[in-house]
Amino acid sequence: MHNFCSDNVTTIAPEIMAALERANNGAAMPYGNDEITKRLEQRVAQIFERSVAVFPVATGTASNALALSALTPPYGAIYCHEHAHIQVDECGAPELYTGGAKLLPLSGASAKVTPGALGAALALGWRGNVHNAQPAVLSLTQATECGTIYRLDEMRALAEIAHAHGLKVHLDGTRFANALVSLNCAPADASWRAGVDVLSLGATKNGAMAAEVVIFFDPALAQTMAFRRKRAGHLFSKMRFISAQMEAYLTDDLWLRNARHANAMARRLADGLAKIHGCRLVHPREANLLFVMLPNRVIDGLEQAGFGFYREGGVRTIRLVTAYNTDPAAVDAFVTAAQQLAAGGPVTMTA
Ligand SMILES: Cc1ncc(COP(=O)(O)O)c(C=O)c1O
């Protein structure tokens with residue numbers, strides 16, 4: 001496959017498909033009252049080394065918007081990066097689910113919120129002023145929309161500022177596994193021990209069909225969540241099939257193995273492209289997303305040769321995303337084609 005548009009253009013991981021097959025057997029109580037969902041709750045608690053409240057849903061947008069809705073009043077302010085998925089790509093779902101909370105976009109290189117930007121926004125003195133939305137949540141994305149990663153000390157520093165101002169910390173972990181294997185630390189270290197209160201943990205982009213889970217590290221924060229999820233239409237009557245995907249994802253390190261492969265393929269791609277004259281990475285390669293500047297002629301040629309990718313903002317930049325099952329041969333074919341085009345020649349496809 002030569003499609004690098006996203007990590008959701010690919011198939012369901014065989015282990016997850018097999019788990020769905022196994023779950024597709026006999027009767028099970030509906031709405032999450034099944035054995036698989038119960039086992040999933042225990043597994044999440046075990047992996048994250050503490051008691052948690054766990055809410056499976058089926059899309060990342062619902063996971064983010066529902067998590068935020070549990071953390072802010074309708075008159076609250078949610079601080080996030082200006083490129084955050086919740087700000088740019090969720091069609092106002094966070095505003096809808098929270099009943100109108102205000103997203104406050106912050107700047108920072110490569111989609112990372114900086115302590116300076118957060119501190120400056122919080123220093124505006126909105127708390128208690130009836131004219132201002134009330135500071136409620138800091139939402140970070142890990143790995144970020146630019147494929148970069150917050151180091152643990154960076155996360156802790158941001159969470160400290162947020163908590164000192166009475167905010168809760170939400171993490172959009174659509175690509176949490178990709179970040180985790182890059183950071184090479186325990187899931188607890190990359191989440192609640194770094195100050196995260198609620199994690200939207202994704203699986204869809206790393207091998208699932210449609211499975212995400214909202215994890216509350218302080219179950220007290222989840223008191224209204226069951227009602228919110230039902231009201232949002234994400235309390236699946238056949239919940240066992242969402243939970244079965246997530247259980248398989250978190251079994252035998254599948255999530256980590258898949259993410260390691262995706263990240264390794266991004267590294268292979270970046271290393272190959274680095275040898276091409278006129279090619280430049282726009283952001284550091286730290287997970288499975290690359291933003292690459294290439295001459296327009298090369299980009300056009302790659303498209304004509306049948307490679308799939310998104311152009312970014314029309315400025316000689318493309319986004320390349322690798323997945324849990326990206327074929328190394330497809331990566332090599334892309335690099336070779338880019339090299340041939342950069343050298344002024346035609347593309348000779350070998351893979
Ligand atoms: C960083 C990030 N957060 C959230 C989502 C939302 O996922 P979904 O498309 O399942 O709603 C995506 C999907 O592209 C994403 O990249």
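Here's the yes/no breakdown for (1) touching a Pro at 6+ places or on another chain (Cβ under 9 Å); (2) part of a helix (DSSP H, G or I):
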residue: ALA266; (1), (2): no, yes
residue: ALA270; (1), (2): no, yes
residue: GLY278; (1), (2): yes, no
residue: GLU286; (1), (2): no, no
residue: LEU290; (1), (2): no, no
residue: ASP300; (1), (2): no, yes
residue: GLU303; (1), (2): no, yes
residue: ALA323; (1), (2): no, no
residue: ASP332; (1), (2): no, yes
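Taken over region 123-157, the criterion of being in a helix (DSSP H, G or I) and either without any contact (Cβ under 8 Å) to a residue 24 or more places away in the chain or open to solvent by less than 20 Å² (accessible area, probe 1.4 Å) (or both) is satisfied by ASP153, MET155. Against the numbered list (1) open to solvent by 10 Å² or more (accessible area, probe 1.4 Å); (2) away from the ligand (no atom under 16 Å from the Cβ); (3) touching a residue at least 60 places away in the same chain (Cβ under 8 Å); (4) within 26 Å of MET246 (Cβ to Cβ), ASP189 comes up short only at (3). Tallying residues that are in contact with an Asp or Glu (Cβ under 8 Å, 6 or more places away or on another chain), within 11 Å of the ligand (Cβ to nearest atom) and of a type outside the set (A, V, I, L, M, F, W, C) within region 194-220 yields 4. The residue that is nearest to ALA259 (Cα to Cα), among those in region 1-39 that are within 16 Å of the ligand (Cβ to nearest atom) and in contact with a strand residue (DSSP E or B) (Cβ under 9 Å, 6 or more places away or on another chain), is ASP7. Those helices (runs of 4 or more DSSP H) of region 1-99 that lie entirely within it include none in which at least 3 residues are touching a Leu at 6+ places or on another chain (Cβ under 6 Å). From the list ARG127, ARG156, the one residue that fits, being basic (Lys, Arg) and out of contact with any helix residue (DSSP H, G or I) (no Cβ under 8 Å at 6 or more places or on another chain), is ARG127. If I ask for residues that are within 16 Å of the ligand (Cβ to nearest atom), under 14 Å from ARG229 (Cβ atoms) and open to solvent by less than 30 Å² (accessible area, probe 1.4 Å), which ones from region 40-65 would you list? Scanning region 40-65 gives PHE55, PRO56, VAL57, ALA58, ALA62, SER63, ASN64, ALA65.
Pull up region 305-321, narrow it to residues that are in a loop (DSSP other than H, G, I, E, B) and buried (at least 16 other Cβ atoms within 10 Å of the Cβ), then point me to the one that is nearest to the chain's Cα centre (by Cα).
Step one: list which residues in region 305-321 are in a loop (DSSP other than H, G, I, E, B), which gives 305-307, 309, 312-316.
Subsequent filtering for residues that are buried (at least 16 other Cβ atoms within 10 Å of the Cβ) retains 305, 307, 309, 316.
Numbers: ALA305: 30, PHE307: 24, PHE309: 19, ARG316: 25 Å.
Among those that are in a loop (DSSP other than H, G, I, E, B) and buried (at least 16 other Cβ atoms within 10 Å of the Cβ), it is PHE309.
Against the definition (under 17 Å from LEU201 (Cα atoms), at pLDDT 95 or above and buried (at least 21 other Cβ atoms within 10 Å of the Cβ)), how does ALA266 come out, yes or no? When the stated conditions are applied, ALA266 does not pass them.
Taken residue by residue, region 75-94 has no member that is away from the ligand (no atom under 16 Å from the Cβ), surrounded by 14 or more Cβ atoms within 10 Å (Cβ to Cβ) and within 22 Å of ARG240 (Cβ to Cβ). Scanning region 212-245 for residues that are assigned to a helix (DSSP H, G or I), among the aromatic types (Phe, Trp, Tyr) and surrounded by 18 or more Cβ atoms within 10 Å (Cβ to Cβ) yields a single hit, PHE241. A single member of LYS238, LYS230, LYS168, LYS205 is without any contact (Cβ under 8 Å) to a residue 12 or more places away in the chain, farther than 17 Å from GLN42 by Cα and among the basic types (Lys, Arg), and it is LYS230.
Kindly check whether there is at least one residue in region 176-186 that is closer than 18 Å to ALA70 by Cα, within 16 Å of the ligand (Cβ to nearest atom), open to solvent by less than 10 Å² (accessible area, probe 1.4 Å) and hydrophobic (A, V, I, L, M, F, W, C). Checked against the condition, which is being closer than 18 Å to ALA70 by Cα, within 16 Å of the ligand (Cβ to nearest atom), open to solvent by less than 10 Å² (accessible area, probe 1.4 Å) and hydrophobic (A, V, I, L, M, F, W, C), region 176-186 yields no hits at all. Looking across region 101-116, the residues that are open to solvent by less than 60 Å² (accessible area, probe 1.4 Å) and under 16 Å from VAL169 (Cα atoms) come down to ALA101, LEU103, LEU104, LEU106, LYS112, VAL113, THR114. Can you name the condition, by its number, that GLY207 falls short on among (1) touching a Leu at 6+ places or on another chain (Cβ under 9 Å); (2) surrounded by fewer than 24 Cβ atoms within 10 Å (Cβ to Cβ); (3) over 19 Å from ILE86 (Cβ atoms)? So the condition that GLY207 fails would be (2). Considering the conditions (1) open to solvent by 40 Å² or more (accessible area, probe 1.4 Å); (2) at pLDDT 95 or above, HIS277 is excluded by exactly one of them, (2).
The values are calculated or read from the model by the stated rules, or taken from the named source; none is laboratory data. Model, not experiment: these values are computed from the prediction. A quick note on method: Cβ atoms are made from the backbone with ideal geometry, for glycine too, and the neighbour counts reach across all protein chains shown. Each accessible area value is taken on the protein alone, full model and side chains, heavy atoms only, with ligands, DNA and RNA left out. Shrake-Rupley method; radii C 1.70, N 1.55, O 1.52, S 1.80 Å.
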